[in-house]
Amino acid sequence: MTRPGLALLLICIGLYAIPAGAEQPPVPAPTLTPGNTLTWSAAELATLRSLWIGSQSPLPPDPSNVHADDPQAAAFGKKLFFETRFSANGAVACASCHQPERHFTDGLVLGRGIGEAARNTPTIVGAAYSAWLFWDGRRDSLWAQALAPIENATEEGGNRARLAHVLYADPEYRKTYEALFGAMPDLSDRRRFPDAAGPVADPQAATAWAAMADADRAAVDRIFANAAKAIAAYERGILPGPSRFDSYVEDLLQHAAKASRQTLTADEISGLRLFIGKAKCVMCHNGPQFSNHEFHNTGVPPVPGAPRDEGHYQGVREALADEFNCLGDYSDAGEGDCAELRFAKQNRLLLGTFKVPSLRDVAATAPYFHTGRFATLAQVIEHYNRMPIAKVGQTELRQLNLTATEKSQLKAFLRALSSYRIE
Amino acid sequence: MGRLTAASAILFVAGLQVPVVAWTAATQENGTVVMSSAGEIEATSADSAVIRPTGLERFRVSARSETIPVPMNQLHDWIVHVETPAGQVVEDAQIRVTGGMPVHRHGFPTEPRVTRYLGGGDYLLQGMKFSMAGEWLIRLDISAQGTSDAFKIYLELP
């Protein structure tokens, strides 16, 4: 390659590197804010803008749930979210583990309902942005997810027939249900509709379910699905709020050096720089929710003595087999919908992969990872720094070689992702 | 004057007239195409998409995203166009899609595939999704008329 040729090529490429997208205003020049001597390149500013809450596109529609954006369904769903009568002991509701005052988590290593759950309780905040639910992505919609804990023996320990009877027997529930979903069938015949029946671990309920007529089972399934769709409508409105990080990006975008407004400290800004740079967090924790909502293997150590957890490799199979998935009989989706299921990856590269959680409000959702065994952000950062060899599947991540100062700056930045109303 | 200088000169002259795709055309081998996420903004129909030969020059192919700029973390479709070297559309191609991020050694987050033939040599490729910034490889293995060949697209997402 001749030197003049190379120079000319570089000039030409430079001319064409001007972004052609006209949707966004030009990225402003980097700015200095008090206490911060760092500046940002144009590319870094574009990354910051992509993480900013103002870049969030509207909630993705859920074609499988025709009630997803109905406020009346959401109001009904909120009541059901706190309802304990679906559970085996009458004491467990969704809200028992997804506690609103704890950012919809429970602060425990593993969830505790009737018994001890298999994994750490994830938050519901922002869950509406994810195509797949649970750490292993074994459900493909909020409403399909909401059904599962109700029948899980360690969580609510209930069954769908019990849920149907609770709704049917409570006058206010029945009235609200019927206004939204149409008349309930007559459930009073206990031979046709036993008190307890469902494809669950409890042998009595499972036997009762198997003995029911197909049409009666379908009627109960329909009530079950409708209740869950209402819960999902409520959950769709549980969204994160702006944080000091977002204020900082707004200041940058407006060229403002607002000395009067506390945005980020120098350490937090250094942590942000690491987040999008040396620590590479932004590779997966990207976009305005700080998650690509995908499944990655981060080499989190398995829990000694626990069954082998293959994560989404197993989860995707369960989602594909779920009777309440997007392609199932109770979904409202039409032709051409359900692309996530139709094009779902299933190969062994999914072994040991788990969902990338959002990092908004991460300081409020300890302990961390699907095992819940990392009690502090410092421990999480140390894990990523050391990146042990994965025991299940393979991780693409490598050691980071962060200094002690860098680790503490990264932690400071993560804490700055807390919503204002929580701080 | 080298090939590179000549190509640069052509690009420079063309660039003065219209916004163009940021190909590094002069350094490409057959069957490999480098795109930037904004690069296909002018390619709104198969006629104007840049068509290039496959690796062994058995076909000529173009591929463009239906959503411009190529989105992040969002399922979307692409259109793949296949012709013979003589410029005739190929109507019965089997197209297999593989790829991922070469540097990170992971594949696509989904299993995209061609779902139907649209006519005019165009094939609908669905289930495309990109989950992080960086360089992605999309490899199309094309079989038709008793022959097969490969076409690689390197896509840099900001």
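The values are calculated or read from the model by the stated rules, or taken from the named source; none is laboratory data. Keep in mind the model is a prediction, meaning the values are calculated, not measured. A quick note on method: Cβ atoms are made from the backbone with ideal geometry, for glycine too, and the neighbour counts reach across all protein chains shown. Heavy atoms of the whole protein, side chains included, go into the accessibility calculation; ligands, DNA and RNA do not. Shrake-Rupley method; radii C 1.70, N 1.55, O 1.52, S 1.80 Å.
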**OP:** Quick one: angle between helix A:160-169 and the longest Cα principal axis of chain A, in degrees between 0 and 90, rounded to 10, please.
**Re:** 70
Original post:
Pick from A:PRO63, A:PRO288, A:PRO203: which is most flexible by mean-square fluctuation in a GNM of chain A where alpha carbon atoms under 10 Å apart are linked?
Top reply: A:PRO203
**OP:** Consider just the alpha-carbon atoms of the range A:142-218 and return their Rg together with their Dmax, both in angstrom.
**Re:** 12.7, 34
Subject >> Residue of A:ARG191, A:ARG348, A:ARG174 that the Gaussian network model of chain A assigns the largest fluctuation, springs spanning Cα pairs under 10 Å >> reply: A:ARG191
Original post:
Pick from A:GLN289, A:GLN99, A:GLN56: which residue has the top mean-square fluctuation in a GNM of chain A where Cα pairs under 10 Å get a spring?
Top reply: A:GLN56
Subject >> Rounded to 10°, Cα long-axis angle of helix A:266-275 versus longest principal axis of chain A >> reply: 70
Subject >> Rough spin-label spacing in nm, given labels placed 7 Å along Cα→Cβ, for A:GLN72 and A:SER55 >> reply: 4.0
**OP:** Please quote Rg/Rh for chain A to two decimal places, taking the Kirkwood radius as Rh and restricting both calculations to Cα atoms.
**Re:** 1.03
Original post:
Which far-off residues, 5 or more places away or on another chain, put their amide H under 5 Å from the one on B:ASP77, with H placed in the peptide plane?
Top reply: B:GLU66, B:THR67
**OP:** Please determine, in degrees from 0 to 90 and to the nearest 10, the orientation of helix A:377-386 with respect to the longest principal axis defined by the Cα atoms of chain A, where the helix direction is its Cα long axis.
**Re:** 70
**OP:** Mind giving me the FRET efficiency for B:GLU57 and A:ALA153? R0 is 45 Å, r the Cβ-Cβ distance, nearest 0.05 is fine.
**Re:** 0.15
**OP:** Kindly list the residues of the range A:202-237 that lie in the label zone of A:ASP189, defined by a backbone N under 16 Å from the point 7 Å along the Cα-to-C-beta vector.
**Re:** A:211-220
Original post:
Full extension from A:GLN379 to A:LEU351: what is 0.36 nm times the residue separation minus their Cα-Cα distance, to one decimal in nm?
Top reply: 7.7 nm
Original post:
How much mean residue ellipticity at 222 nm does chain A get from its helices, if each DSSP H run of length 4 or more adds -39500 (n - 2.57) and you divide by all residues, to the nearest 500 deg cm²/dmol?
Top reply: -11000 deg cm²/dmol
Original post:
If you take the accessible area of B alone, add that of A alone, and subtract the area of the pair, what total do you get in Å², probe 1.4 Å, to the nearest 100?
Top reply: 2600
**OP:** Between the alpha-carbon centers of the range A:55-94 and the range A:169-247, tell me the distance in whole angstrom.
**Re:** 11
Original post:
Once the Cα gyration tensor of the range A:74-219 is found, what semi-axes does its equivalent ellipsoid get, as square roots of 5 times the eigenvalues, in whole Å, sorted largest first?
Top reply: 26, 18, 14
**OP:** Report the calculated FRET efficiency for A:LEU108 and B:ARG116 (r = Cβ-Cβ distance, R0 = 41 Å), to the nearest 0.05.
**Re:** 0.25
**OP:** For A:ARG421 and A:PHE82, compute 0.36 nm times the residue count separating them, minus their Cα-Cα distance, and round to one decimal in nm.
**Re:** 119.8 nm
Subject >> Partner chain coverage, peptide B:123-132 - average Cβ within 10 angstrom >> reply: 4
Original post:
Short version: ³J(HN,Hα) in whole Hz for each residue of the range A:146-152, in order, from phi by Karplus 6.51 cos²θ - 1.76 cosθ + 1.60 (θ = phi - 60°), x for Gly and Pro, what are they?
Top reply: 4, 5, 5, x, 4, 9, 6
Original post:
If you average 1/r over all unlike Cα pairs in the range A:45-114 and invert the result, what Kirkwood radius do you get in angstrom?
Top reply: 15.2
**OP:** May I ask you to give the percent of accessible area on the range A:286-423 that is carbon plus sulfur, with a probe radius of 1.4 Å?
**Re:** 51
Subject >> Environment charge of A:ASP62, counting only residues whose C-beta is closer than 14 Å and scoring Lys/Arg +1, Asp/Glu -1 >> reply: -4
